[in-house]
Amino acid sequence: MLDELNESNVTIQVQNLTKTYGPHPALRDVSFQVQKGEILGFLGPNGAGKTTTMRILTGFMPPTSGSARVAGYDVFYDSIEVRRRIGYLPESVPLYNEMTVWDYLDFCARLRSVPERDGAIERALEMVSVGEKADTLIGKLSKGYRQRVGIAQALLHDPEVLILDEPTIGLDPKQIIEIRNLIKSLGGDHTILLSTHILPEVSQTCSRVLIINEGVIVAEDTPARLSARVGGGAHIHLQVAQPAPEIPGELEKVRGVLGVRTKDANAGIYEVEVNPGADRRAEVAAMVVQRGWGLLELRPVTLSLEEVFLKLTTEEETN
């Protein structure tokens, strides 16, 4: 996948990154790239190396070996320049409860030497829909609003790169949709590395997914391609109105059909496995109609991102 990327348009470049804590390797020879304007989903179980990677990219800690560059700057040798170009939302947002929302963002803007602070604060508040809480003490905000304030501080200086660690944690369903739409709107103008445990969020927000487990990249592709690769052969979901015992055996006579599994005999639901890369829905539908079984539903089956994630991380742990 890396070879397919246009290297002249790469905003984040990680090469052979390794980080050890004593004898324990947190990252092992990790390499990946993120294109300008891309939203990359960064997934992995607890302890997989996600947080370590993000801390290295944000200049919080150095790698043991390997290199990482953000917007053309080395995260170790040009740490200050990297930090100027990154907006970071950690999983636990560092907020000051005794400050109002406005005062906190003004404080963050001063730390970053943001020009025209008032305008930058108003823009960030509007983007995360917290303008009406500008004069409220942070300690009196709900968890959802506190999370929004954290996102606002990451946007204050209009960074090229956003690194977001669990940005929708603690939000209600309506707020999750709003933040998800915000993240999608930021893609294109900003390069986004999004770490989350809410896998449907990745499917709906990210153009590409990177899965890390035990410090090693185990998969990198679009959600759809990952599903096809991990799922092996292609599968078709079939439901007929007139189920019969002979249906599996008859369907296996169709060219390209590898096998048929009865999922619910009473409801007439079957799963048909076919050769990868071959679309046999027309042939299957033709047989169902010809035999008078009554075609109710026919659609391709793909693994969900959750199933892909579990399959990859579980297989790695058991190998």
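Which of the residues spanning segment 19-37 are more than 13 Å from Ile163 (Cβ to Cβ) and within 22 Å of the chain's Cα centre (by Cα)? Matches in segment 19-37: Ala26, Leu27, Arg28, Asp29, Val30, Ser31, Phe32, Gln33, Gln35, Lys36, Gly37. The one condition from (1) modelled with pLDDT of 90 or more; (2) more than 18 Å from the chain's Cα centre (by Cα) that Asn9 does not meet is (1).
Here Tyr77 meets each of (1) free of Cβ contacts under 8 Å to residues at least 12 places away in the same chain; (2) buried (at least 20 other Cβ atoms within 10 Å of the Cβ) with one exception, condition (2). Within segment 203-221, if we keep just the residues that are modelled with pLDDT of 85 or more and hydroxyl-bearing (Ser, Thr, Tyr), the residue that is farthest from Ile179 (Cα to Cα) turns out to be Ser207. Annotation: Asn16 fulfils all but one of (1) free of Cβ contacts under 8 Å to residues at least 40 places away in the same chain; (2) surrounded by fewer than 17 Cβ atoms within 10 Å (Cβ to Cβ); the unmet one is (1). Can you tell me which residue in segment 139-161 is farthest from Gly37 (Cα to Cα), limited to those that are in contact with a helix residue (DSSP H, G or I) (Cβ under 6 Å, 6 or more places away or on another chain) and hydrophobic (A, V, I, L, M, F, W, C)? Per the stated criteria, the residue is Val149. Selection of helices (runs of 4 or more DSSP H) fully inside segment 119-236 by the criterion of at least 3 residues being over 17 Å from Leu312 (Cβ atoms) returns 143-155, 173-186, 199-205.
Among the residues of segment 98-105, are any assigned by TED's automatic domain parsing to the domain that holds Met54 and modelled with pLDDT under 95? Checked against the condition, which is being assigned by TED's automatic domain parsing to the domain that holds Met54 and modelled with pLDDT under 95, segment 98-105 yields no hits at all. Here Ile177 meets the list (1) within 17 Å of the chain's Cα centre (by Cα); (2) over 21 Å from Leu40 (Cα atoms) almost entirely, failing just condition (2). When Glu271 is tested against the conditions (1) of a type in the set (Asp, Glu); (2) outside any strand (DSSP E or B); (3) in contact with a strand residue (DSSP E or B) (Cβ under 7 Å, 6 or more places away or on another chain), the lone failure is (2).
The values are calculated or read from the model by the stated rules, or taken from the named source; none is laboratory data. Keep in mind the model is a prediction, meaning the values are calculated, not measured. Cβ sites come from the backbone with ideal geometry, for glycine too, and all protein chains shown count toward neighbours.
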